[in-house]
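Only one structure is covered here, and it is reproduced in the block below.
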Amino acid sequence: MEYRLSLDSRRIDQRLIREGGKKRDEQAEILRGLWRHLGAQTLLDFKGPTRGFRRGELIRLISYGWEYLASHTTEFDSRSELSLVLVVPKMNSTLAWEIEWIDLRMEPLDHGYARLVGSGYTMIVVFLDKVSEEEKNLEPFTEAKKLDKEVAQRTLAWILEVAQMEDIENLEGLDDLLEKLAATLGPELVLRHFAPEQRLAGLEPEQLARALRSLPQEVQETIRRKLNGS
């Protein structure tokens, strides 16, 4: 009898491909210590600060590597050309347990990066709490509750660029990011950049009321008209 192995959608957060196989690691503006360790193609799995790492996710990432190789075999001369990256807000006991449980060995690298040895891949873990000590732009993705104002402004600009995508609501840790930006810049400044259907969908009545009260009066009236279908 057939047995379904998984009901989950098999998706990865980012697939990174070196254009023409060229390395320009010195030009990196974010995660500057990561790129020199990566091969021609990389699968990157990101865990936001609210959610963090959960049991089974390291094993799942490794399985994604084999699945990706199976469907892209002609693109690789060697398995070593594929890299796997796990980005987490910090080390936790669940991740430490899983590394040991599947017999991997962690080798610390510089400034919050580590290599996992024994998976059959080049496999890097990024600990954002440590990396952000060197790269302040990454603070929004850590457990910090409030941000440097300049960092918050750059992060808001990035979110607004991402918001052009249809699946902005599925961005990992979006609610947490918006809360940090609101704490730093003020809720009015953050919310006024988003269309009502982007920011207010799914809010509970109490949350909706608080969000509306933080906006200018004319914006409140526009939102109420849209919500009432007029």
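Read-outs throughout are calculated quantities, based only on the coordinates presented, and are distinct from any laboratory measurement. The model shown is predicted, which means the values in this text are computed figures rather than measured ones. So basically every Cβ, Gly included, is an ideal-geometry build from the backbone, and we count neighbours across all protein chains shown.
Computed values, structure above
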| quantity | calculated |
| --- | --- |
| Fraction of alpha-carbon pairs over 26 Å apart in the range 14-131 - percent | 16 percent |
| Ranking of GLU139, GLU179 by count of other Cβ atoms within 10 Å, fewest first | GLU179, GLU139 |
| Least to most buried among LYS136, LYS90 (fewest other Cβ within 10 Å first) | LYS136, LYS90 |
| Förster-model FRET efficiency, 25 Å R0, ARG11 and GLU179, C-beta, rounded to 0.05 | 0.50 |
| ³J(HN,Hα) computed for each position of the range 40-50 - Karplus, 6.51 cos²θ - 1.76 cosθ + 1.60, integer Hz, glycine/proline x | 5, 9, 9, 9, 10, 10, 10, 10, x, x, 6 |
| Spin-label pair GLU29/VAL117, simplified geometry with 7 Å Cα→Cβ offset, distance in nm | 3.6 nm |
| Sequence of ASP103, ASP176, ASP148 once ranked by neighbouring C-beta atoms within 10 Å, starting from the fewest | ASP103, ASP148, ASP176 |
